[in-house]
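What follows is one structure encoded as structure tokens, with my remarks underneath.
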Amino acid sequence: MKIQQKHVIESVFNALQYISYYHSPDFIQAMANAYEKETHDASKNAIAQILINSKMSALGQRPLCQDTGIVNVFVEVGMDVTWEADLSLDEMINEGVRRAFTFDQNPLRASIVRDPLFSRENTKDNTPAVIHSKVVKGNQLKFIVAAKGCGSENKAKFTVLNPSASVSDWVMSMIPTMGAGWCPPGIIGIGVGGTAEKAMLMAKESLLDPIDITDVAKKTNPSKLEKMRLELLAGINNLGIGAQGLGGLTTVLDVKVKDYPTHAASQAVAMIPNCAATRHLHFSMDGSGMAELPKVDMSIYPDLEMDYSKYKSIDLDSLTRKQMNDWEIGDTLLLTGTIITGRDAAHARLKQMLDNGEGLPKGVDFDNKFIYYVGPVDAVGDEVIGPAGPTTSTRMDRYTDMMLDNTNILGMIGKAERGEQTVKSIQKHKSSYLIAVGGAAFLISKSIKKAKKIAFSDIGMEAIYEFEVENMPVTVAVDSQGNNIHNIFQELLVN
């Protein structure tokens with residue numbers, strides 16, 4: 001039978017919509033296990049939010065994370081496949097991506113920019129995908145369709161070691177340098193051997209294998225590679241980084257390792273993490289029609305609800321710096337009131353306007369407010385806003401002095417750690433830095449009661465919004481005295 005073009009396009013479209021709101025069962029089970037054994041309150045709360053968000057996304061069929069990812073496709077093409085198509089395979093895949101990201105019932109956030117060195121203009125439909133294809137025996141197409149968030153992609157590491165050097169030692173030295181911007185708990189993928197690009201490709205591919213470390217641990221005679229995985233899992237989790245970098249027992253759910261023959265004088269090593277929005281789907285096509293996607297068993301989700309009993313309610317519209325002095329790192333807060341959003345491109349434009357003496361854009365008032373680092377998904381139906389989880393805050397470190405010196409903001413909301421100089425600046429201005437849970441975007445969006453785009457609408461997801469929030473859950477990460485909940489990374493690097 002011939003593979004039909006329309007079936008490839010529709011299968012890619014369906015797969016991307018599916019993985020935008022469904023975690024795979026192995027990930028849900030691994031996270032549920034991590035939740036049950038976690039003893040650190042802040043980390044346990046973060047895992048709970050990720051699991052609650054996952055179930056909400058599955059029921060509402062809306063994205064797990066506002067960063068709906070750069071599309072990665074691995075496809076094996078059988079040598080005996082015949083076609084009924086007038087597009088190339090890459091063109092078919094990209095048409096499926098375009099349709100998936102512009103689907104009006106569940107639009108996904110377009111994050112891909114062309115001309116990356118200069119204009120960085122958004123392509124508006126998240127194309128093109130990153131496609132890896134190879135020709136194999138047989139008469140089928142075999143697909144792995146994944147959507148990779150950049151919070152974790154940006155933490156990729158690569159080196160070329162001496163053949164006698166320890167790969168495990170290098171991995172353990174790199175983990176603290178990744179911080180928490182990759183939204184742990186997640187999976188670490190490692191590729192060893194081949195050449196530089198082969199090692200990177202293996203690391204990425206390894207993340208798409210099932211989470212099976214529990215089964216490996218039960219083996220009476222594990223292989224050397226399996227022993228390495230178990231040792232790395234234990235070593236990384238013993239660092240105590242925990243969910244979202246808040247400290248705890250589980251930083252990684254699994255460690256994957258792939259290897260390949262290499263030159264005798266070389267040892268290429270790549271490492272890539274996958275985040276709490278681990279999204280991928282495997283399917284085959286034989287010419288009989290569109291790929292059939294797995295049915296979802298809702299019973300796999302643990303029965304959890306948000307426990308607000310330990311949260312402090314905060315009225316943002318009457319909050320003062322004096323009141324913030326009472327906050328301590330680790331405090332969990334429920335925010336109600338007005339916040340202003342802004343991320344990379346918005347900060348760059350604000351800097352340009354301030355440097356030019358233009359002041360802030362008309363209608364943008366940061367005075368005595370918090371800025372939230374977010375690029376939300378567009379709303380559908382009666383939604384106020386689509387999934388709206390935090391982006392990695394360290395990218396805004398270069399603008400923090402500018403914002404604190406010129407706008408009188410009270411503080412910032414994002415995810416993961418801040419740099420040492422930024423923490424000092426927060427302390428100097430008696431400001432605060434709060435974190436929301438990366439990987440809980442749909443849950444967070446339900447606390448946003450009003451949303452209005454107030455500046456820079458031409459830059460899509462990077463536009464500045466004014467949000468009215470009610471009971472938005474956050475944790476104090478840097479208090480006004482400069483105490484920092486993420487100091488564990490500095491300590492690990494020093495030690």
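Evaluating Asn45 against the criteria (1) under 16 Å from Val145 (Cα atoms); (2) part of a helix (DSSP H, G or I); (3) more than 16 Å from the chain's Cα centre (by Cα) leaves one unmet condition, (1). Of all residues being assigned to a loop (DSSP other than H, G, I, E, B) and small (Gly, Ala, Ser) in segment 279-297, which is farthest from Trp83 (Cα to Cα)? Just the residue, please. Taking the candidates together, the pick is Ala291.
In segment 286-314, the residues that are touching a residue at least 40 places away in the same chain (Cβ under 8 Å) reach residues that are of a type in the set (A, V, I, L, M) and part of a loop (DSSP other than H, G, I, E, B) with C-beta atoms within less than 7 angstrom, at least six apart or across chains, in these pairs: Asp286/Met1; Gly287/Met1; Ser288/Met1. Residues in segment 106-147 that are under 23 Å from the mean Cα position of the chain (by Cα), surrounded by fewer than 19 Cβ atoms within 10 Å (Cβ to Cβ) and in a strand (DSSP E or B): Val113, Arg114, Glu121, Asn122, Val130, Ile131, His132, Ile144. Take the conditions (1) over 30 Å from Asn106 (Cα atoms); (2) modelled with pLDDT of 95 or more; (3) part of a helix (DSSP H, G or I); Glu491 misses just one of them, which is (2). A residue that is in contact with a Ser or Thr (Cβ under 8 Å, 6 or more places away or on another chain), in contact (Cβ under 8 Å) with a residue 40 or more places away in the chain and either surrounded by fewer than 21 Cβ atoms within 10 Å (Cβ to Cβ) or in the same structural domain as Trp182 (by TED's automatic domain parsing) (or both) cannot be found anywhere in segment 42-58. Asn33 meets the conditions (1) surrounded by 17 or more Cβ atoms within 10 Å (Cβ to Cβ); (2) closer than 27 Å to Gly248 by Cα; (3) modelled with pLDDT of 95 or more in every case but one. The failed one is (1).
Conditions (1) closer than 26 Å to Thr391 by Cβ; (2) buried (at least 23 other Cβ atoms within 10 Å of the Cβ); (3) at pLDDT below 95, marked per residue:
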residue: Asp209; (1), (2), (3): no, no, no
residue: Lys219; (1), (2), (3): no, no, no
residue: Leu233; (1), (2), (3): no, no, no
residue: Ile236; (1), (2), (3): yes, no, no
residue: Asp259; (1), (2), (3): no, no, no
residue: His263; (1), (2), (3): no, no, no
residue: Met271; (1), (2), (3): yes, yes, no
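Screening Ser152 with (1) in contact with a Pro (Cβ under 7 Å, 6 or more places away or on another chain); (2) assigned to a loop (DSSP other than H, G, I, E, B) gives one miss only, at (2). Applying the criterion of at least 3 residues that are touching a residue at least 60 places away in the same chain (Cβ under 8 Å) and farther than 16 Å from Ala156 by Cα to the strands (runs of 3 or more DSSP E) found wholly in segment 182-276 leaves 252-260. Only one of the listed residues (Phe13, Phe103) is assigned by TED's automatic domain parsing to the domain that holds His132, at pLDDT 95 or above and in a loop (DSSP other than H, G, I, E, B). That residue is Phe103. Checked against (1) touching a residue at least 40 places away in the same chain (Cβ under 8 Å); (2) not in a helix (DSSP H, G or I), Met461 passes all but condition (2).
The values are calculated or read from the model by the stated rules, or taken from the named source; none is laboratory data. This is a predicted model, so every value here is computed, not measured. Methodologically, a virtual Cβ is constructed for each residue, glycine included, from the backbone with ideal geometry; neighbour enumeration extends over all protein chains shown.
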